[in-house]
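A quick write-up on the structure given underneath.
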Amino acid sequence: GYQAVSVDRILDAGRGGAPLPPKAVLLSFDDGYSSFRSRVFPILKAMNWPAVWAPVGRWIDTPPGQPVAFGTLQVPRDHFATWEDVRQMARSGLVEIAAHTNASHYGALANPQGNTEPAAAIRRYDAKTGRYESEAEFEARMGGDVRAISRKIEQATGRKPRVWVWPYGAEGGSTLRIAAENGYQLALTLEDGAGRLNRLMSTPRML
């Protein structure tokens, strides 16, 4: 009895429009793998299921023949989609292109002990200077990242992105505000549980 619903339906319901069905599900796929186009999309099309696909800008930018810097790994380029794939998926009418940052899907140095944490949600520690990123520096870094991926998605699809997907599911208040200021209306974490219409900018997901 579960029913896949679109971002449009969720946002409309959140504004007091038509209520969602009792078992509404938003299908979401992170990172921008090429297997979304080859394996997932045919199923979505056959079932007429809408979904969210969230690529990382820098990974999609990687030129043909060069490996994708996927964290500490070097992954073959053909494991990831292209901007033409993004364009085609957006034109399908079933796929909402979301932002998964432009170049902030990595673990940044978080403290003098050498721990790493999601770069989009922390103030980085600089081992050379022994200081943490200031709030102004963080906002400049993440503000630039949000604007960059928003611009790339709009150029590819003709539409400003509305869904922000946190790398590693880790959300941060300053970035959340920056995302909202750039037109994002729904943000997905990796907290476990069901989403609520009154907390769309902090929506949990079930793996």
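Across the range 98-105, computed HN-Hα scalar couplings (Karplus, 6.51 cos²θ - 1.76 cosθ + 1.60, θ = phi - 60°) run 9, 9, 10, 6, 8, 8, 10, 9 Hz from first to last residue, x flagging Gly and Pro. Less than 5 angstrom separates the built amide H of Ala4 from those of Val25, all sequence-distant by 5 or more or on a different chain. Which percent of the accessible area of the range 123-207 is formed by carbon and sulfur heavy atoms (probe 1.4 angstrom)? Result for the range 123-207: 51 percent of the exposed heavy-atom area is carbon or sulfur. For Lys128, the aspartates and glutamates whose Cα falls under 17 Å of its own Cα, not counting residues fewer than eight places away in the same chain, are Glu137. Charged neighbours of Arg9, selected by a Cβ distance under 12 Å, balance to -2 (K, R count +1; D, E count -1).
Once you charge only the Cβ atoms, +1 for Lys and Arg and -1 for Asp and Glu, what is the size of the charge dipole of the chain about its Cα centre, to the nearest 20 debye?
I would put it at about 440 debye.
Neighbours of Asn182, meaning other residues whose beta-carbon lies under 12 angstrom from its beta-carbon, give a summed charge of +2 when Lys and Arg score +1 and Asp and Glu score -1. Rounded to whole Hz and in sequence order, give me ³J(HN,Hα) for the range 66-73 from the Karplus expression 6.51 cos²θ - 1.76 cosθ + 1.60, θ = phi - 60°, writing x for Gly and Pro. Ordered by residue, 3J(HN,Hα) equals 9, x, 8, 7, 9, x, 8, 9 Hz. Near Phe70, the amide H atoms lying under 5 Å from its own belong to Val75; only residues 5 or more places off or on other chains count, and H is placed 1.01 Å from N. What the phi angles of the range 180-189 give under the Karplus curve with 6.51, -1.76 and 1.60, with θ = phi - 60°, is a coupling list of 4, 5, 9, x, 6, 10, 8, 10, 10, 9 Hz, glycine and proline written as x. Backbone amide hydrogens, once placed in the peptide plane, bring Ala98 within less than 5 Å of Trp53, Ala54, excluding anything fewer than 5 places away on its chain. Taken along the Cα-to-beta-carbon direction at a fixed 7 Å, the label points for Met206 and Asn115 span 3.1 nm.
The translational diffusion coefficient of the range 49-141, from Stokes-Einstein at 37 °C and 0.692 mPa s with a Kirkwood hydrodynamic radius over alpha carbon pairs, comes to 215 µm²/s. What fraction, in whole percent, of alpha-carbon pairs in the range 109-175 exceed 17 Å separation? Result: 50 percent of Cα pairs exceed 17 Å. As a fraction of the 1.4 Å probe accessible area of the range 17-69, surface on carbon and sulfur atoms comes out at 60 percent. For the range 1-76, applying the loop criterion from DSSP together with a ceiling of 15 other beta carbons within 10 Å to the chymotrypsin sites (Phe, Trp or Tyr not before Pro) yields Tyr2. Convert 25 °C to kelvin, take the viscosity as 0.890 mPa s, use the Kirkwood radius over C-alpha pairs of the range 1-91 as Rh, and evaluate the Stokes-Einstein diffusion coefficient in µm²/s, rounded to a whole number. After rounding, the answer is 167 µm²/s. Pick from Ser104, Ser150, Ser92: which is most flexible by mean-square fluctuation in a GNM of the chain where alpha carbon atoms under 10 Å apart are linked? Judging by the Gaussian network model, the answer is Ser92. Quick one: Debye curve from the alpha-carbon atoms of the range 100-140 only, equal weights, vacuum; give me log10 I(q)/I(0) at q = 0.15, 0.24, 0.32 Å⁻¹ to two decimals. Calculated log10 I(q)/I(0) at the listed q: -0.33, -0.80, -1.15. Per residue, the chain exposes 52 Å² of accessible surface when a 1.4 Å probe is rolled over the protein heavy atoms with every protein chain present.
Computed over the chain, the per-residue total of -39500 (n - 2.57) for DSSP H runs of n ≥ 4 gives a 222 nm mean residue ellipticity of -8500 deg cm²/dmol, rounded to 500. Here the alpha carbons of the chain define both size measures, Rg and Dmax, at 17.4, 56 Å.
The values are calculated or read from the model by the stated rules, or taken from the named source; none is laboratory data. Owing to the predicted nature of the structure, the values given are computational and were not obtained by experimental measurement. Positions of Cβ are generated from backbone atoms using ideal geometry, with glycine treated the same way; all protein chains shown enter the neighbour counts. For the accessible areas, the whole protein counts, side chains as well, though only heavy atoms, and no ligand, DNA or RNA atoms are used. Shrake-Rupley method; radii C 1.70, N 1.55, O 1.52, S 1.80 Å.
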